[in-house]
């Protein structure tokens with residue numbers, strides 16, 4: 001190969017690498033624009049996001065309790081009560097339905113497949129969570145606004161804006177939630 005051919009090959013490789021880097025930068029720019037658009041749309045609907053640590057870092061959606069706590073609108077004991085309520089709500093309400101299986105036999109101790117024991121343990125955990133959640137709802141006096149605020153913000157992890165129709169109603173939901181969490185945190189102290 002002559003010197004001119006070697007130089008031409010090196011120049012083609014340099015140009016191909018530059019073109020590849022340009023395509024990669026363009027693709028990354030399009031992804032950043034798409035993420036920014038999605039975050040803006042979801043923020044407009046009331047979702048809250050933690051700012052990424054760096055330009056390339058991920059956005060992290062904040063659950064309602066974390067969002068309120070980060071803004072100093074809830075005390076630590078209220079947040080702890082809300083997290084307990086939310087954990088029970090998700091265990092009782094949002095856990096997937098029991099799967100159907102033909103392997104379950106009365107008196108199955110799980111020897112062969114363990115499926116029967118696994119399903120029964122799951123059902124027992126859900127039943128315990130439901131009983132404890134009902135106790136907490138009793139503590140709230142079964143008042144629909146208090147229960148709904150806890151279900152939506154603590155259980156479903158919505159922000160007050162997502163849990164309501166407008167900003168004014170979001171403020172009302174926030175106040176109702178604070179009262180409910182005060183009642184639940186008082187219950188935890190007793």
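Taking the Cβ of each residue in 148, 69, 54 as the centre, tally the other Cβ atoms inside 10 Å and list the residues starting with the fewest.
54, 148, 69
Helix-only mean residue ellipticity at 222 nm, the chain, DSSP H runs n ≥ 4 weighted -39,500 (n - 2.57), per residue, nearest 500. What is it?
Helix contribution divided over all residues of the chain: -21000 deg cm²/dmol.
Using a Gaussian network model of the chain whose springs link C-alpha atoms within less than 10 Å, name the residue from 26, 15, 136 with the highest mean-square fluctuation.
15
Need one word for the chain: rounded, prolate or oblate. Basis is the Cα gyration tensor (sqrt eigenvalues a ≥ b ≥ c); a/c below 1.5 gives rounded, then a/b vs b/c decides.
Oblate is the answer for the chain, as a/c is 1.5 or above yet b/c matches or exceeds a/b.
If I fit a long axis through the Cα atoms of helix 115-139 and take the longest principal axis of the Cα atoms of the chain, what angle between them do I get, 0 to 90°, rounded to 10?
With rounding to tens, the tilt is 70 degrees.
Calculate the length of the line joining the C-alpha centroid of the range 1-67 to that of the range 117-146, in whole Å.
The range 1-67 and the range 117-146 have Cα centres separated by 45 Å.
Rounded, prolate or oblate: which one fits the range 11-73, using the alpha carbon gyration tensor with axes a ≥ b ≥ c (rounded when a/c is under 1.5, else prolate when a/b beats b/c, else oblate)?
Prolate shape, in that a/c is at least 1.5 and a/b is the bigger ratio.
According to a simple spin-label model (label point 7 Å from Cα along Cα-to-Cβ), what is the distance in nm between residue 21 and residue 4?
2.9 nm
Compare the peptides 4-10, 72-78 by average per-residue count of other Cβ atoms within 10 angstrom and give them in order, highest first. Don't jump to the answer; show the numbers that get you there.
Numbers: 4-10: 10.0, 72-78: 15.0.
In descending order of packing, they fall as 72-78, 4-10.
If you take the beta carbon distance between residue 186 and residue 54 as r and set R0 to 45 Å, what does 1/(1 + (r/R0)^6) give as a FRET efficiency, to the nearest 0.05? Don't jump to the answer; show the numbers that get you there.
Details: r = 42 Å, r/R0 = 0.93.
Result of the calculation: an efficiency of 0.60.
Using per-residue counts of other Cβ atoms within 10 Å, averaged over each peptide, order 39-46, 170-177, 155-162 from highest down. Working shown, then result.
On the way: 39-46: 13.0, 170-177: 18.4, 155-162: 21.1.
The packing order, highest mean first, is 155-162, 170-177, 39-46.
Before anything else, pin down the relative contact order of the range 1-66: Cα pairs under 8 Å, at least 6 apart, normalised by residue count, whole percent.
Here the relative contact order equals 16 percent.
Bear in mind these aren't lab numbers, they're just calculated from the coordinates by the rules spelled out. Please read all numbers here as calculations on a predicted model, not as lab measurements. Every residue, glycine as well, gets a Cβ built from its backbone with ideal geometry; the counts of neighbours run over all protein chains shown.
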